[in-house]
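See below for the structure under consideration.
The values are calculated or read from the model by the stated rules, or taken from the named source; none is laboratory data. Note that the structure is predicted; figures quoted are calculated from it, not measured. Cβ coordinates were reconstructed from backbone atoms using ideal geometry, including for glycine residues, and neighbour counts include every protein chain displayed.
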Amino acid sequence: MKRILVTGGAGFVGSHICERLLSEGNEVICLDNYFTGSKRNVEHLMDHHYFELVRHDVTNPYMVEVDEIYNLACPASPVHYQYNPIKTIKTSVMGAINMLGLAKRVKAKILQASTSEVYGDPAIHPQPESYWGNVNPIGLRSCYDEGKRCAETLFMDYHIQNDVDIKIVRIFNTYGPRMNPDDGRVVSNFIVQALKGDDITVFGDGTQTRSFQYVDDLVEGMIRMMNSRDGFVGPVNVGNPGEFTMLELAQQVIDLTGTKSKIIHMPLPQDDPLQRQPVIDLAKKELNGWEPKIPLKEGLVKTITYFDDLLKKGN
Ligand code: NAD
Ligand code: UDP
């Protein structure tokens, strides 16, 4: 049994990580400030003997004896991370410094939830880890993109300078149950709009692409990365190469829900990347043959069922 800290553990991805780690017999300390996450996401884990929930903001230091740290604390939806951009970059940068300092002190292994956003609006398609990215340093998305890039730098520097045992995963757009219905990201937006019979809001002409990964595939990739061979630090892309335009996604959601909702077009947000698709050769090689198992249609059906139940309960 290991004692494991999960920052951002009451969020969408974090709650699935906590669940998986507990099911494998570990002790889990879930740390969150509830900015975008909620106690409801981990309610079902509360009675577990080895689960502990702590309200804490990672911009402040935290001290606990642990073997491993999954560092996920950071809002991930553009709507939320742009709400208070200074806080977002503080969370990424000071959060990384505080958690790396903790890892150094207690000799814990630490994994950073980085992002495909480090590639910005990519000039190379699909994106391998060796691509340095095309990021606007002063745009609306910079607080998130540059915060995550700086966090990667800090992870590498703590590794090189202080021998901290680090792992970095670059996560591509991930969806699934326990996304916040008001999250603002595209999959939850389209599904909630379809289930309510509201207009489906496609930004721009809808020809921009994303590659969507179901949350279970991500969790498997992150756990395998934490347990990958000594000396392999990444960064490694974890995503599903299945690439879709936003119009294709909207149509799939319409077909699967049988909604009468109509597609409407809204302005494309500033610096919205045109395309996004991971090269996952490194993950396959280093993460024991890992590859995504759940195609978009199957994942959407599971996610639609989740939101349908949630909306029926009046949430
Ligand atoms: P989320 O918003 O559901 O979860 C983030 C969690 O971090 C929330 O519970 C939030 O309350 C918490 N948090 C935010 N600021 C904090 C702070 N200062 N102190 C403590 N807790 C704080 O988002 P998610 O989709 O679950 O993303 C989890 C992580 O994975 C994030 O770091 C995100 O950048 C990364 N990521 C996610 C995706 C994706 O598509 N889901 C893609 C790339 C990277
Ligand atoms: N998007 C959209 N309608 C929405 C929300 C998002 O068309 O209601 C688009 C958005 O412009 C982007 C894509 O969907 O091109 C993915 O957006 P999301 O916020 O989910 O993730 P990110 O842009 O960070 O990859």
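Would you pick out the residues in region 162-185 that are more than 11 Å from ligand 2 (Cβ to nearest atom) and either among the polar types (S, T, N, Q) or part of a loop (DSSP other than H, G, I, E, B) (or both)?
Listed by number, the residues that qualify are 162, 163, 164, 165, 176, 177, 178, 180, 181, 182.
Kindly check whether there is at least one residue in region 94-103 that is in contact with a Lys or Arg (Cβ under 8 Å, 6 or more places away or on another chain), in contact (Cβ under 8 Å) with a residue 60 or more places away in the chain and within 11 Å of ligand 1 (Cβ to nearest atom).
no
For region 186-275, which helices (runs of 4 or more DSSP H) that fit wholly inside it have 2 or more residues that are in contact (Cβ under 8 Å) with a residue 40 or more places away in the chain and either in contact with a Pro (Cβ under 8 Å, 6 or more places away or on another chain) or small (Gly, Ala, Ser) (or both)?
Answer list for region 186-275: 186-196, 215-226.
Yes or no: region 151-171 includes at least one residue that is more than 22 Å from residue 101 (Cα to Cα), crowded, with 20+ Cβ neighbours inside 10 Å and under 14 Å from the mean Cα position of the chain (by Cα).
yes
Based on this model, can you work out whether residue 70 counts as aromatic (Phe, Trp, Tyr) and near ligand 1 (Cβ under 8 Å from one of its atoms)?
It is false that residue 70 is aromatic (Phe, Trp, Tyr) and near ligand 1 (Cβ under 8 Å from one of its atoms).
Sort through 231, 204, 176 and tell me the only one that's on the phi > 0 side of the Ramachandran plot and crowded, with 18+ Cβ neighbours inside 10 Å.
176
Does residue 28 satisfy being touching a His at 6+ places or on another chain (Cβ under 9 Å) and at pLDDT 95 or above?
Criteria met by residue 28.
Quick check on this structure: which one of 281, 271, 255 is within 12 Å of ligand 2 (Cβ to nearest atom) and among the charged types (D, E, K, R)?
271
With the requirement that a residue be within 10 Å of ligand 2 (Cβ to nearest atom) and closer than 23 Å to residue 16 by Cα, what does region 139-161 give you?
Hit for region 139-161 is 144, nothing else.
Okay, residues lined up against (1) farther than 22 Å from residue 161 by Cα; (2) surrounded by 18 or more Cβ atoms within 10 Å (Cβ to Cβ):
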{"residue": "30", "(1), (2)": "yes, yes"}
{"residue": "37", "(1), (2)": "yes, yes"}
{"residue": "61", "(1), (2)": "no, no"}
{"residue": "68", "(1), (2)": "no, yes"}
{"residue": "77", "(1), (2)": "yes, yes"}
{"residue": "86", "(1), (2)": "yes, no"}
{"residue": "92", "(1), (2)": "no, yes"}
{"residue": "98", "(1), (2)": "no, yes"}
{"residue": "104", "(1), (2)": "no, no"}
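In region 8-28, which residue that is aliphatic (A, V, I, L, M) and buried (at least 20 other Cβ atoms within 10 Å of the Cβ) is nearest to ligand 2 (Cβ to nearest atom)?
Across region 8-28, the extreme among qualifying residues is 13.
Would you be able to tell me the number of residues in region 246-280 that are of a type in the set (D, E, K, R) and either surrounded by 13 or more Cβ atoms within 10 Å (Cβ to Cβ) or within 19 Å of the chain's Cα centre (by Cα) (or both)?
Residues flagged as of a type in the set (D, E, K, R) and either surrounded by 13 or more Cβ atoms within 10 Å (Cβ to Cβ) or within 19 Å of the chain's Cα centre (by Cα) (or both) within region 246-280 amount to 4.
I need the full set of residues from region 106-131 which are among the aromatic types (Phe, Trp, Tyr) and part of a helix (DSSP H, G or I), in order please.
119
In region 213-225, what count of residues is obtained for those that are surrounded by fewer than 19 Cβ atoms within 10 Å (Cβ to Cβ) and aliphatic (A, V, I, L, M)?
Matching residues across region 213-225 total 1.
Could you list, in sequence order, all residues of region 281-301 that are surrounded by fewer than 18 Cβ atoms within 10 Å (Cβ to Cβ) and over 22 Å from residue 209 (Cα atoms)?
Selection gives 284, 285, 286, 288, 289.
Of all residues in region 276-312, which are of a type in the set (A, V, I, L, M, F, W, C) and either outside any helix (DSSP H, G or I) or at positive phi (or both)?
279, 280, 287, 290, 294
Within region 165-185, is even one residue of a type in the set (Val, Ile, Thr), farther than 17 Å from residue 111 by Cα and away from ligand 1 (no atom under 16 Å from the Cβ)?
no
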